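Colleague: One structure, pasted below without further comment.
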Amino acid sequence: MTTPQMKIGSSTTAVRLVAGRELRTRMRSKAYRISTLALIVLVVAFALIAKAVGSQDSTAHVGVLVSAQSVVPALEGATAALGAKVSIEPVSDEAVGRSQVSAGTLDALIIGDKADGSLQVVVDSTLSDSLRTVMATAAGQAVLADRISALGGDPAAVAEQVQHVSVQVSALRSAPSYDPQRLVLGSVAGVLIYLALMFTGQMVAQGVVEEKSSRVVELLLATLRPWELMAGKVLGIGLVGLAQVSVVGVAGVLAGQLSGALTISLAATVGTVLWLVVWFIFGFAVFSLVFAGLASLVSRQEDVASVIAPATMFLVAGYVVGISVLPTDPGNGLVALMSLLPFFSPTLMPMRLAMGGVPLWQTVLSIVLVLATIPALVMLTGRAYRNAVIRTGERVRLRDALRA
Amino acid sequence: MPTASNATAVAELVDRGSGGLELAGVSKRYGEVVALDRMSFRVEPGEVFGFVGSNGAGKTTAMRIALGVLLADSGQVLWDGRPLTAETRRRIGYMPEERGLYPRMRVGEQLVYLARLHGLTEPVAISRMHEWTERLGVSGRLDDDVQKLSLGNQQRVQLAAALVHDPDALVLDEPFSGLDPVAVDVMSEVLHEQAGQGAPVIFSSHQLDLVERLCDRVGIVKAGRLVACGTVDQLRGAGPEQVVVDVPTATSRWYANLSGIEVVEVSGSRVVLTLPEGADDQLVLQAALSAGPVREFARRRPPLTELFRHVVSATEDQS
């Protein structure tokens, strides 16, 4: 009666209080800390593994016995012409060379050439396709040079001429080229945003049902409007998720750059993280609203998974399509189309943007569409939530919740 | 939509109104089921109002509507003569029938949070939380999660949640259910104290002896309507006349042939009889004397428990 009161006329204060409670209790929860740590470990490990795999020596080492040194010029020529990475090392003794081959320091040892120009090569078990091509080309050119000389021509001049012949291509449509590192980056971005959306979306759904199953919702609704409670919850958990995505994203970039696993420009990596954060916000808005609306229909935690399953399916579908198609076919037309649609764009767009080659109009269109969807979802899910959240007990039918 | 007659009724009530919490012609349906049928009553400042009725009669629905947790189909909830707003409903202390607190939130933190939702500043919320937890004997458990507390202590925290913002009115749905005798005493004390400070207090209960003891006025609800409302004495006065007769040596049911008599209760040789309207109790005494010496013969008004049964079954016959 005489209690000093804070003016709480504005809904903002109410929403802020609800969001604040979510932030405090979630950030403090063990599950949140463990999942954040696990995601950080995952991206850092990924960067380090990528580094270890990427730095493996891709140069092939070919030993050439001193007795067969005559093939060296042709070998060098073929290597250069094919753009292969081959280092040619002279080997003085065949026995030494063979032991080097079996030890793996040499990939192949050329021990001589026959009169018909065929090369005699010793390998450990198999000769790689790229080396076979290099050697076949070298042997062929050596024979060709011999013939040209025998006919009184100048092999060097012919070689010069051959080199100047090229195929001139005029493309009708420019195909974006994809950096393999960015394809990997895109996949990682896909995994991250999928996990983050799934985790935070379920947190919202469980939070809604927790209030219903513990019946505390009735006490809350005696002071809050339903939309204030829902908005505060979504906002609070959204911030919690945003913090998680940002921390993991930054950890990933740092690990990638510091370990040297990422050789693409810093701008591209930072761009990926920024898009990741932006699309997390969009995706979270879409999915958390739907999850909150659907979760308000049930009163028991064990019913949460089944009631949100239809919405979860969209999230999973976008992710699965993206992760299985994009790394091998980043320009896939069907995936590009899907990535424009509001329920798929939150998982697919950040992957495509990380991989590069997304036309500006597609980026803009996907954002416009998702932004247009959010107000409609606020209206629909808010209505379902308002009608269903106080009805504890049996599962409320969605149609009833939307109609009432 | 409020009908025209409803609107006039509301206007009259507003005109008459002073302070207090009031339901004015409130109706609510759930599909085909009528939960509340033009229910009207007012609880004055400083008054303790008991709300009784069988399960499903509409008590909880009425209280939820009074709090704004549910919306009425028609009718109004008035506070100080004006329609309840989001602002004014924050000043009510509420204890829902379905008890509920966040199970995995600490007691102290939770009470501060609820107080702040009701508009208190943080420092004030904290000091109120300390006051009430001390008063209700749970101050040692502030840092424990609610789910770790015994059921009795959870009830105490629930009461603290209804009181922590120093409400201007109390609406308590079955506040005594699940309380141990000590907590019942504390609760009774708190209700009187709050009323003493000028708050209208409404509570529902199935424990009619408690209602009879604590309430200034009682409303009996049946099928969504207030079928009787008044002070306990008024209600009892309106009830049927009864006599208590004790004939220790009687060997037969001496009262069996008296016309219009209803046997309320038989314990040993002592019987409680309800007399029909305008019946002569001396005829009953004569019948008793002919069966043996009469040890006790007294007129009385039925207690609330019987009255409740009477009112509820009477309206049942009508309908």
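Colleague: In the stretch A:93-138, which residues are under 20 Å from A:Gly77 (Cα atoms), at pLDDT 85 or above and charged (D, E, K, R)?
Modeller: A:Asp107, A:Arg132
Colleague: Let me ask another. At pLDDT 90 or above and touching a His at 6+ places or on another chain (Cβ under 7 Å) - does that describe any residue in the stretch B:177-194?
Modeller: Looking through the stretch B:177-194, none of the residues is at pLDDT 90 or above and touching a His at 6+ places or on another chain (Cβ under 7 Å).
Colleague: Quick one: is A:Asp124 of a type outside the set (A, V, I, L, M, F, W, C) and exposed (fewer than 12 other Cβ atoms within 10 Å of the Cβ)?
Modeller: no
Colleague: For the stretch A:149-176, name all the residues that are more than 20 Å from A:Ala74 (Cβ to Cβ) and touching a residue at least 24 places away in the same chain (Cβ under 8 Å).
Modeller: A:Ala175, A:Pro176
Colleague: For the stretch B:78-91, indicate whether the set of residues that are farther than 23 Å from B:Val190 by Cα and assigned to a helix (DSSP H, G or I) is non-empty.
Modeller: Yes, the conditions are met somewhere in the stretch B:78-91.
Colleague: When you scan the stretch B:160-200, how many residues do you find that are part of a helix (DSSP H, G or I), within 14 Å of chain A (Cβ to nearest Cβ) and out of contact with any helix residue (DSSP H, G or I) (no Cβ under 6 Å at 6 or more places or on another chain)?
Modeller: Going through the stretch B:160-200 one residue at a time, the tally reaches 5.
Colleague: Going by the conditions given, is B:Glu32 at negative phi, at pLDDT below 90 and more than 11 Å from chain A (Cβ to nearest Cβ)?
Modeller: Yes.
Colleague: Moving to a separate point now. Give me the residue from the stretch B:252-293 that is β-branched (Val, Ile, Thr) and touching a residue at least 12 places away in the same chain (Cβ under 8 Å) and, out of that set, surrounded by the most Cβ atoms within 10 Å (Cβ to Cβ).
Modeller: B:Val271
Colleague: Let me ask you something else. Considering only the stretch B:280-319, state which residues are at pLDDT 80 or above and either part of a helix (DSSP H, G or I) or of a type in the set (A, V, I, L, M) (or both).
Modeller: Passing the criteria: B:Asp281, B:Gln282, B:Leu283, B:Val284, B:Leu285, B:Gln286, B:Ala287, B:Ala288, B:Leu289, B:Ala291, B:Val294, B:Ala298.
Colleague: Checking the structure you have, find out if any residue of the stretch A:371-380 is farther than 18 Å from A:Ala311 by Cα and not aliphatic (A, V, I, L, M).
Modeller: No, because not a single residue in the stretch A:371-380 is farther than 18 Å from A:Ala311 by Cα and not aliphatic (A, V, I, L, M).
Colleague: I would also like to ask the following. Specify the residue that is nearest to the other protein chains (Cβ to nearest Cβ); the eligible residues are those in the stretch B:105-142 that are surrounded by fewer than 23 Cβ atoms within 10 Å (Cβ to Cβ) and basic (Lys, Arg).
Modeller: Across the stretch B:105-142, the extreme among qualifying residues is B:Arg128.
Colleague: OK, next. Tell me the residue from A:Asp124, A:Asp113, A:Asp129 that is more than 30 Å from A:Ala354 (Cβ to Cβ) and in contact with a strand residue (DSSP E or B) (Cβ under 6 Å, 6 or more places away or on another chain), please.
Modeller: A:Asp113
Colleague: Another question, if that's okay. When A:Glu228 is evaluated against the numbered criteria (1) away from chain B (no Cβ under 14 Å); (2) more than 30 Å from A:Ser187 (Cβ to Cβ); (3) not basic (Lys, Arg), which criterion, by number, is the only one it fails?
Modeller: Among (1) away from chain B (no Cβ under 14 Å); (2) more than 30 Å from A:Ser187 (Cβ to Cβ); (3) not basic (Lys, Arg), A:Glu228 violates only (1).
Colleague: Next up: Which ranges mark the strands (runs of 3 or more DSSP E) fully within the stretch A:74-158 that have 1 or more residues being among the polar types (S, T, N, Q) and closer than 22 Å to A:Thr59 by Cα?
Modeller: Qualifying strands (runs of 3 or more DSSP E): A:86-91, A:119-122.
Colleague: If you scan the stretch A:48-66, which residues turn out to be at pLDDT 80 or above and either assigned to a strand (DSSP E or B) or surrounded by 13 or more Cβ atoms within 10 Å (Cβ to Cβ) (or both)?
Modeller: Within the stretch A:48-66, A:Leu48, A:Ala60, A:His61, A:Val62, A:Gly63, A:Val64, A:Leu65 qualify.
Colleague: Sticking with this one: Could you tell me which residue of the stretch A:24-37 is farthest from A:Met230 (Cα to Cα), considering only residues that are surrounded by fewer than 16 Cβ atoms within 10 Å (Cβ to Cβ) and not small (Gly, Ala, Ser)?
Modeller: First, the residues of the stretch A:24-37 that are surrounded by fewer than 16 Cβ atoms within 10 Å (Cβ to Cβ): A:24, A:27-31, A:33-34, A:37.
When the remaining residues are screened for being not small (Gly, Ala, Ser), the result is A:24, A:27-28, A:30, A:33-34, A:37.
On the way: A:Arg24: 17, A:Met27: 19, A:Arg28: 21, A:Lys30: 24, A:Arg33: 24, A:Ile34: 26, A:Leu37: 28 Å.
Of everything passing the filter in the stretch A:24-37, A:Leu37 is farthest from A:Met230 (Cα to Cα).
Colleague: From the list A:Val217, A:Val208, which one is in contact with an Asp or Glu (Cβ under 6 Å, 6 or more places away or on another chain) and within 14 Å of chain B (Cβ to nearest Cβ)?
Modeller: Among A:Val217, A:Val208, only A:Val217 is in contact with an Asp or Glu (Cβ under 6 Å, 6 or more places away or on another chain) and within 14 Å of chain B (Cβ to nearest Cβ).
Colleague: How about the stretch A:178-214: which of its residues are in contact (Cβ under 8 Å) with a residue 24 or more places away in the chain, outside any helix (DSSP H, G or I) and hydroxyl-bearing (Ser, Thr, Tyr)?
Modeller: A:Tyr178
Colleague: Right, here's the next one. With the condition kept exactly as written, say whether any residue in the stretch B:244-251 is exposed (fewer than 12 other Cβ atoms within 10 Å of the Cβ) and assigned to a helix (DSSP H, G or I).
Modeller: Checking the stretch B:244-251: not a single residue is exposed (fewer than 12 other Cβ atoms within 10 Å of the Cβ) and assigned to a helix (DSSP H, G or I).
Colleague: Any residue in the stretch B:75-104 that is more than 10 Å from every other protein chain (Cβ to nearest Cβ) and farther than 23 Å from A:Val217 by Cα sitting within a Cβ distance under 7 Å of a residue that is of a type in the set (Asp, Glu) and assigned to a strand (DSSP E or B)? List the pairs, counting only those 6 or more apart or interchain.
Modeller: Pairs that qualify, where the first residue is more than 10 Å from every other protein chain (Cβ to nearest Cβ) and farther than 23 Å from A:Val217 by Cα and the partner is of a type in the set (Asp, Glu) and assigned to a strand (DSSP E or B), are B:Leu78/B:Glu22.
Colleague: Can you tell me which of B:Ser188, B:Ser150 is surrounded by fewer than 14 Cβ atoms within 10 Å (Cβ to Cβ), under 27 Å from the mean Cα position of the chain (by Cα) and among the hydroxyl-bearing types (Ser, Thr, Tyr)?
Modeller: Details: B:Ser188 fails: surrounded by fewer than 14 Cβ atoms within 10 Å (Cβ to Cβ).
Exactly one of B:Ser188, B:Ser150 is surrounded by fewer than 14 Cβ atoms within 10 Å (Cβ to Cβ), under 27 Å from the mean Cα position of the chain (by Cα) and among the hydroxyl-bearing types (Ser, Thr, Tyr), namely B:Ser150.
Colleague: Is it fair to say A:Leu239 is at the interface with chain B (Cβ under 10 Å from one of its Cβ atoms), under 27 Å from A:Lys30 (Cβ atoms) and modelled with pLDDT of 90 or more? Before you say what the answer is, go through the steps one by one.
Modeller: On the way: at the interface with chain B (Cβ under 10 Å from one of its Cβ atoms): no; under 27 Å from A:Lys30 (Cβ atoms): yes; modelled with pLDDT of 90 or more: yes.
Judged against the criteria, A:Leu239 is not a match.
Colleague: Same structure again: If the requirement is being touching a residue at least 24 places away in the same chain (Cβ under 8 Å), among the hydrophobic types (A, V, I, L, M, F, W, C), within 30 Å of B:Pro45 (Cβ to Cβ) and touching a Ser or Thr at 6+ places or on another chain (Cβ under 6 Å), which of these qualifies: B:Val211, B:Val221?
Modeller: B:Val211
Colleague: Same structure again: Return the total of residues in the stretch A:170-209 being within 22 Å of A:Ala311 (Cβ to Cβ) and among the hydrophobic types (A, V, I, L, M, F, W, C).
Modeller: Number satisfying all stated conditions: 14.
Colleague: Of everything in the stretch B:40-60, what is in contact (Cβ under 8 Å) with a residue 40 or more places away in the chain, in contact with a strand residue (DSSP E or B) (Cβ under 7 Å, 6 or more places away or on another chain) and of a type outside the set (Gly, Ala, Ser)? Give them in sequence order.
Modeller: B:Phe41, B:Val43, B:Glu47, B:Val48, B:Phe49, B:Phe51, B:Val52, B:Lys59, B:Thr60
Colleague: Looking at (1) over 21 Å from B:Lys28 (Cβ atoms); (2) more than 10 Å from chain A (Cβ to nearest Cβ), which is the only condition B:Val52 fails?
Modeller: Unmet condition: (1).
The values are calculated or read from the model by the stated rules, or taken from the named source; none is laboratory data. This one's a predicted model, so the numbers in the text were calculated from it and none came from an experiment. Every residue, glycine among them, receives a Cβ derived from its backbone with ideal geometry; neighbour counts consider all protein chains shown.
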